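Everything on this sheet refers to the single structure shown next.
The values are calculated or read from the model by the stated rules, or taken from the named source; none is laboratory data. Worth saying up front: this structure is predicted, and the values here are computed from it rather than measured. Reconstructed Cβ throughout: ideal geometry from the backbone, glycine too, with neighbour counts over all protein chains shown. All accessible areas refer to the heavy atoms of the entire protein, side chains included, with ligands and DNA or RNA removed. Shrake-Rupley method; radii C 1.70, N 1.55, O 1.52, S 1.80 Å.
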Amino acid sequence: MVTVFDHPLITHKLTIMRTKETGHKDFRENLDEIASLMAYEVCRDLPMKDVHIETPMGPCDTKELDTEIILVPILRAGMGLVNGIMDLIPTAKVGFIGLYRDEKTLEPVEYFAKFPKELPDGIVLVLDPMLATGGSAIAAVDMVKKRGAKNIKMVCLVGAPEGVKAFTEKHPDVDLYLAALDDHLNDIGYIVPGLGDAGDRIYGTK
Ligand code: PRP
Ligand code: URA
């Protein structure tokens with residue numbers, strides 16, 4: 001399933017991020033806010049369990065979350081989505097995948113991996129703002145599947161049609177969430193219109 005969020009608040013904040021004059025402080029703040037808004041919807045179908053509690057007024061049969069949530073940002077730019085989601089899910093655990101795109105081949109190169117032990121049983125949200133060729137997202141999901149993850153969702157900000165096609169063909173069992181689906185990739189693998197290099201814009205590098 002591919003979900004493209006069509007929400008005025010998300011689109012407005014993304015417009016600020018896309019604008020080339022936006023500096024890294026405003027870029028990061030808007031990314032935090034979009035991540036929280038997206039998390040609210042991404043978590044709509046989380047499993048719940050029945051619990052019995054006491055309120056100040058008496059007994060109450062209600063529900064609570066029945067799963068660990070594990071955020072797995074793809075370094076570096078995926079880190080930009082962590083704080084906004086953690087604001088809504090403060091008990092989430094965090095694993096890390098270090099990948100960068102080789103600038104010539106556009107192939108992802110792995111340089112780091114570390115995961116909480118609950119990875120196989122929890123709901124795993126793999127995070128990366130950009131889904132361009134899809135190579136990094138495909139490799140990241142391969143990595144968590146290889147370690148036993150079964151319930152995986154891929155959360156991105158901006159996707160290219162090429163990346164969506166590649167990702168959904170390779171991982172048809174993984175729900176994909178996007179704030180926007182853009183027009184195309186250019187000849188150096190950047191999303192157009194996109195927002196430029198997400199990592200550089202978040203961290204003020206280059
Ligand atoms: C960017 C982005 C994705 C990847 C997307 O990372 O954050 O991880 O490119 O491209 P793809 O879909 O074609 O794989 P980059 O390699 O620039 O690393 P960075 O996050 O460290 O800047
Ligand atoms: N990575 C980015 O940061 N931006 C793009 O447009 C494509 C890949």
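Structure values in brief
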| quantity | calculated |
| --- | --- |
| Candidate set from the stretch 104-120 (those that are in contact (Cβ under 8 Å) with a residue 24 or more places away in the chain and assigned to a loop (DSSP other than H, G, I, E, B)); member that is surrounded by the fewest Cβ atoms within 10 Å (Cβ to Cβ) | Glu107 |
| Counted residues, the stretch 189-206 - those being assigned to a strand (DSSP E or B) and either under 15 Å from the mean Cα position of the chain (by Cα) or more than 13 Å from ligand 2 (Cβ to nearest atom) (or both) | 0 |
| Failed criterion for Ile191 (all others in (1) at pLDDT 95 or above; (2) more than 9 Å from ligand 1 (Cβ to nearest atom); (3) under 21 Å from Ile16 (Cα atoms) hold) | (2) |
| Hits in the stretch 121-147 (condition: among the polar types (S, T, N, Q) and open to solvent by less than 30 Å² (accessible area, probe 1.4 Å)) | Ser136 |
| Candidate set: the stretch 39-75, residues that are surrounded by 14 or more Cβ atoms within 10 Å (Cβ to Cβ) and over 16 Å from the mean Cα position of the chain (by Cα); chosen: the one farthest from Gly159 (Cα to Cα) | Leu65 |
| Restricting the stretch 76-93 to residues that are open to solvent by 40 Å² or more (accessible area, probe 1.4 Å) and not polar (S, T, N, Q), the residue that is farthest from ligand 2 (Cβ to nearest atom) | Pro90 |
| Residue match in the stretch 2-12 (condition: touching an Asp or Glu at 6+ places or on another chain (Cβ under 9 Å), part of a helix (DSSP H, G or I) and within 15 Å of Asn83 (Cβ to Cβ)) | no |
| Given (1) in contact (Cβ under 8 Å) with a residue 40 or more places away in the chain; (2) open to solvent by 30 Å² or more (accessible area, probe 1.4 Å); (3) out of contact with any Ser or Thr (no Cβ under 8 Å at 6 or more places or on another chain), index of the condition Ile191 fails | (2) |
| Filter result (within 10 Å of ligand 1 (Cβ to nearest atom), open to solvent by 30 Å² or more (accessible area, probe 1.4 Å) and in contact with a strand residue (DSSP E or B) (Cβ under 7 Å, 6 or more places away or on another chain)) within the stretch 94-103 | Tyr100, Arg101, Asp102 |
| Whichever residue in the stretch 164-188 is within 9 Å of ligand 2 (Cβ to nearest atom) and crowded, with 18+ Cβ neighbours inside 10 Å and, among such residues, is farthest from Glu107 (Cα to Cα) | Asp182 |
